[in-house]
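Heads up: the structure comes next, in structure tokens.
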Amino acid sequence: MLKAIASIFILFGAINWGLYGLFNFDIVCYIFKSKDSIFARVIYALIGLSGLYTILYIIF
């Protein structure tokens, strides 16, 4: 279950970075109206933690 949730966050993060790189469009910022809102920061943190969890899962 945790792997599935982490995978969803990783996919969302990858799509967000792709959109940002190609079109300078940050979907998290668009959804929460600000890059500095607490909700956007939580989403960014969850994406980062999901990446770390996946790295640790692959290594071990």
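The values are calculated or read from the model by the stated rules, or taken from the named source; none is laboratory data. Values in this document were obtained by computation on a predicted structure and should not be read as measured data. Note: ideal-geometry Cβ built from the backbone for every residue, glycine included; neighbour counts use all protein chains shown. Calculation scope for accessible area: heavy atoms of the full protein, side chains included, ligands and nucleic acids excluded. Shrake-Rupley method; radii C 1.70, N 1.55, O 1.52, S 1.80 Å.
Things to note:
- The set of residues from segment 5-43 being in a helix (DSSP H, G or I) and in contact with an Asp or Glu (Cβ under 8 Å, 6 or more places away or on another chain) comprises Asn16, Leu19, Tyr20.
- Under the condition of being open to solvent by less than 70 Å² (accessible area, probe 1.4 Å) and more than 13 Å from the chain's Cα centre (by Cα), the residues counted in segment 18-28 number 1.
- Unique residue being out of contact with any helix residue (DSSP H, G or I) (no Cβ under 9 Å at 6 or more places or on another chain) and either without any contact (Cβ under 8 Å) to a residue 40 or more places away in the chain or surrounded by 15 or more Cβ atoms within 10 Å (Cβ to Cβ) (or both) when the list is Ile15, Ile43, Ile31, Ile58: Ile58
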